[in-house]
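Student: Next up is a structure, given as structure tokens.
The values are calculated or read from the model by the stated rules, or taken from the named source; none is laboratory data. Small disclaimer: the values here were computed from a predicted structure and weren't measured. No Cβ is skipped: glycine too gets one built from the backbone with ideal geometry, and neighbour counts run over all protein chains shown. Surface areas here come from the heavy atoms of the whole protein model, side chains and all, with no ligands, DNA or RNA. Shrake-Rupley method; radii C 1.70, N 1.55, O 1.52, S 1.80 Å.
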Amino acid sequence: MKYLNRYMIMFILLTGLFACNEDKLFEGELYKKVFALISTDDYNIFTVVHDLDFTESVGYVAASVGGSNPTEKDINITLAQDIELFDSYNKDNYDMDQDKFAHLLSPDKYDIDNYNFSIPAGEKSGRMKIRIRPDGLSPDSVYFISLKVDAFSTYEVNPEKNDILYRVIIKNRYATQESTTNYSLRGALNNVQIPGIKPMHPISKNKVRIMAGTIPFQSDIATINQSAILLEIDDNNKVSISSYKDMEVEQIDGDPDFPNIYKIEKDDYGKQFKTFLLKYNYKVGSAVNQMKEELRLEFKEDNY
């Protein structure tokens, strides 16, 4: 019995020793402090919507640190321009089709005042400010600022999250590039009643683009240039209709039902709609077509 008790004591001690070692290994992983740039998908894209209502708007690149315990030191991070990830994105997605390539955002469209920022000790995140001037950007293009971690003061950086493609997309109060803005269409083409859906794209603070008449939208620059028209909304919500590039279009005023205006309206159930009432002629080949259309989009007050 004495020897049995001795063996049992030794077994308990050894089991405890192994358990302690396992706990230390587990805790080493659990409490390991690793920071990463915040992004999504395989190309580390971080998308920010910039409003054309403002000459300049602000976005941020952020970093976050993992680990269960608070950090004891500031993590000082320096970013730098780097196009390796940007080049990989274009090559992997478009191969040799350069017409579809994403673009590096032109330096005259943004400022980064300081490429250095910190995650303060005890905090989980920190961020770096980017000032964007979105006017003049195309809703048909993809724009990136390509950055990477160039230096840091302490702990570790996640090697799979040490770079980022900051994507700039544009919006105004009528449409957004973030997702397809589809207005419901009610009207008449050459006095034939037509329903449908019409995509609208933001161009500037007070300009949007649609396809003329019933011409379907295609994500093709040649088709857009040939068939799109511009709507410019003034301070009194009067709409001026003109050609986007090559389409021949003539605005027709004086129709009380389609007076070329933009307005906000409510239905009997309290739903709100952004509404365009338009009338114009447009030319396809040698044929002149007359279009009368109401475009409506339901919206929430916080999405005006």
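Student: Filter the stretch 269-304 for residues that are charged (D, E, K, R), out of contact with any Lys or Arg (no Cβ under 8 Å at 6 or more places or on another chain) and under 18 Å from R209 (Cα atoms) and give the result.
Tutor: If the condition is that a residue be charged (D, E, K, R), out of contact with any Lys or Arg (no Cβ under 8 Å at 6 or more places or on another chain) and under 18 Å from R209 (Cα atoms), then K283 is the only one that fits.
Student: What are the residue pairs meeting all of these: first residue in the stretch 148-159, first residue over 9 Å from F35 (Cβ atoms), second residue crowded, with 17+ Cβ neighbours inside 10 Å and of a type in the set (D, E, K, R), Cβ atoms under 6 Å, and 6 or more apart or on different chains?
Tutor: Taking only residues 6 or more apart or on different chains, the pairs are K148/D163.
Student: Continuing with this model, one more query. Within the stretch 181-282, which strands (runs of 3 or more DSSP E) (wholly inside it) include 1 or more residues that are in contact with a strand residue (DSSP E or B) (Cβ under 9 Å, 6 or more places away or on another chain) and farther than 27 Å from D51 by Cα?
Tutor: Result: 181-189, 192-204, 248-251.
Student: Please list, ordered by first then second residue, the pairs with beta carbon atoms under 7 Å, 6 or more apart or interchain, first in the stretch 213-242 and of a type in the set (A, V, I, L, M), second part of a helix (DSSP H, G or I).
Tutor: I215/S227
Student: Something else about it: For residues that are more than 20 Å from T55 (Cα to Cα) and small (G, A, S), tally how many sit in the stretch 95-138.
Tutor: Within the stretch 95-138, residues that are more than 20 Å from T55 (Cα to Cα) and small (G, A, S) number 6.
Student: So, one more: Every residue in the stretch 62-91 that is touching a Lys or Arg at 6+ places or on another chain (Cβ under 7 Å), among the hydroxyl-bearing types (S, T, Y) and either in a strand (DSSP E or B) or buried (at least 19 other Cβ atoms within 10 Å of the Cβ) (or both), please.
Tutor: Across the stretch 62-91, the qualifying residue is only S64.
Student: Any chance you could count how many residues in the stretch 92-145 are more than 29 Å from Q218 (Cβ to Cβ), among the acidic types (D, E) and part of a loop (DSSP other than H, G, I, E, B)?
Tutor: The qualifying residues number 2.
Student: Output the residue which, of all residues in the stretch 146-162 that are in contact with a strand residue (DSSP E or B) (Cβ under 7 Å, 6 or more places away or on another chain) and not in a strand (DSSP E or B), is surrounded by the most Cβ atoms within 10 Å (Cβ to Cβ).
Tutor: Top of the filtered list is N162.
Student: If Y94 passes every condition in (1) open to solvent by 50 Å² or more (accessible area, probe 1.4 Å); (2) under 17 Å from G59 (Cβ atoms); (3) aromatic (F, W, Y) but one, which one does it miss?
Tutor: (2)
Student: Could you say which residue among K292, K263, K271, K279 is closer than 30 Å to Q226 by Cα, of a type outside the set (F, W, Y) and surrounded by fewer than 16 Cβ atoms within 10 Å (Cβ to Cβ)?
Tutor: Selected residue: K263, the only one of K292, K263, K271, K279 that is closer than 30 Å to Q226 by Cα, of a type outside the set (F, W, Y) and surrounded by fewer than 16 Cβ atoms within 10 Å (Cβ to Cβ).
Student: Something else about it: Filter the stretch 163-180 for residues that are open to solvent by less than 50 Å² (accessible area, probe 1.4 Å), of a type outside the set (V, I, T) and either in contact with a His (Cβ under 8 Å, 6 or more places away or on another chain) or assigned to a loop (DSSP other than H, G, I, E, B) (or both) and give the result.
Tutor: N172, Y174, A175, Q177
Student: So, in the stretch 97-115, how many residues would count as being of a type in the set (D, E, K, R) and open to solvent by 70 Å² or more (accessible area, probe 1.4 Å)?
Tutor: Adding up the residues that qualify gives 4.
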